[in-house]
Amino acid sequence: MKKKILTLVMITILALGLLTGCGNSDKVKNGQATNMVCIALQPSAAFIPMMITRQTGDLEKALKEQGVSVVWYDFESGPPMNTSIGKGETDLCLYGDVPTVSAIEQGCVREVVGITAQAADSYAIVVLKDSPIRSAADLKGKRVATNMGSTGHNMVDKYLSTAGLTFSDIELVSATPADMPYLLRNGQVDAISLWEPSITKLVDAGDCRILAQGSDCGLEGTNTIIGRKDYCETNPKVVETVLKEYKKAADNINNTSDETWKYVADYLGLDVSQVKSMLPKYNFTVKISQKDIDSLNDTIDFLAKIGKLDKKYDITNYCNSNYYDGTY
């Protein structure tokens, strides 16, 4: 309940007219280290290790030794997180690939400090179980719903290309993840492209099946941790500790307690068995690789192609792997 209230409070504050431009944080002054880190989180399975370390209190314990406290901010999606980090209200945000490249393109000084997960198969195109659609070629002339400008949108583009098709060969329908299942089940669209945990919910309901996953069409599904550059440069030890605790939770995920799994499941709106069934789709890597950089640049290319970015740029210039050496 506290999480939901905080989310609503944050959305209400943003809706009252706070500007989205870059702001100066009161937590970083004259290059002095802070005694606080504000972390923005959203309900995606790509961030399960952060949910674990939050519930266990391990991150708070590790940072307490440095005299640093943790403040958690919960959001439903990436755009309001972009607003919060832009104003200096949050210091570290956990993102999917589209919000990552959009956050940096907006002009505020931010950097990618880590990779939460590579998760190609956490994205999928879903059809009804008895649908005659069995391949990318079968989508020609069909109605396909996705959230425009999302990774799901990118996946439609990539999957169509495996059959030599383009967006002009289908009728693309704009829809939110919440509306897509209704549109599919009521015959208003023939396929939907979305991500976890929605995919697991649809398949487990018994009336839907996966047509294709990200790995079927070259989609990488890179998720990141973004930081405000001024905060990270002033507080490198804090950033290092956050990344180490994330990796530690990821590496020990099979030893997670039942109580913690219940917390994670509630946070994601699933039951525990569903959460555990999704885990093989995620590679919680943390350290930035060239593969991650290439994946994010691919996302930039796609967003520029569909007019969602004003200009292309190379995300290599905004990735900083110096905060974490891969150990803990």
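Okay, here's what the table says:
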item: Filter pass, LEU19 being in contact with a helix residue (DSSP H, G or I) (Cβ under 8 Å, 6 or more places away or on another chain), surrounded by fewer than 19 Cβ atoms within 10 Å (Cβ to Cβ) and at pLDDT below 50; result: no
item: Single residue of the range 270-286 satisfying the filter (under 16 Å from the mean Cα position of the chain (by Cα) and not in a helix (DSSP H, G or I)) that is modelled with the lowest pLDDT; result: THR285
item: Some residue of the range 246-261 being modelled with pLDDT of 95 or more, buried (at least 16 other Cβ atoms within 10 Å of the Cβ) and charged (D, E, K, R); result: yes
item: Checklist (1) farther than 30 Å from LYS87 by Cα; (2) assigned to a helix (DSSP H, G or I) applied to LEU243, failing item; result: (1)
item: ARG54 being part of a helix (DSSP H, G or I) and touching a residue at least 12 places away in the same chain (Cβ under 8 Å); result: yes
item: Members of the range 169-196 that are touching a Ser or Thr at 6+ places or on another chain (Cβ under 8 Å), of a type outside the set (Gly, Ala, Ser) and assigned to a loop (DSSP other than H, G, I, E, B); result: PRO177, ASP190, GLU196
item: Matching residues in the range 289-317 - criterion: being in contact with a Lys or Arg (Cβ under 7 Å, 6 or more places away or on another chain) and either crowded, with 19+ Cβ neighbours inside 10 Å or under 21 Å from ALA119 (Cβ atoms) (or both); result: ILE300, ASP301
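One line per residue, one yes/no per condition, for (1) touching a residue at least 60 places away in the same chain (Cβ under 8 Å); (2) of a type outside the set (Phe, Trp, Tyr); (3) surrounded by 21 or more Cβ atoms within 10 Å (Cβ to Cβ):
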residue	(1), (2), (3)
LEU92	yes, yes, yes
ASP97	yes, yes, yes
VAL109	yes, yes, no
ILE115	yes, yes, yes
ALA119	yes, yes, yes
ILE125	yes, yes, yes
LYS129	yes, yes, no
ALA137	no, yes, no
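Each row is one residue, and each column tells you yes or no for (1) in contact (Cβ under 8 Å) with a residue 24 or more places away in the chain; (2) of a type in the set (Lys, Arg); (3) surrounded by 14 or more Cβ atoms within 10 Å (Cβ to Cβ).
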| site | (1), (2), (3) |
| --- | --- |
| GLY218 | yes, no, yes |
| LYS229 | yes, yes, yes |
| LYS237 | yes, yes, no |
| GLU240 | yes, no, yes |
| LYS244 | yes, yes, yes |
| TYR267 | yes, no, yes |
| LYS276 | no, yes, yes |
| TYR282 | yes, no, yes |
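The values are calculated or read from the model by the stated rules, or taken from the named source; none is laboratory data. In this text, all values refer to a predicted model and were calculated from it rather than measured experimentally. Counting neighbours? That spans all protein chains shown, and the Cβs are built from the backbone with ideal geometry, glycine included.
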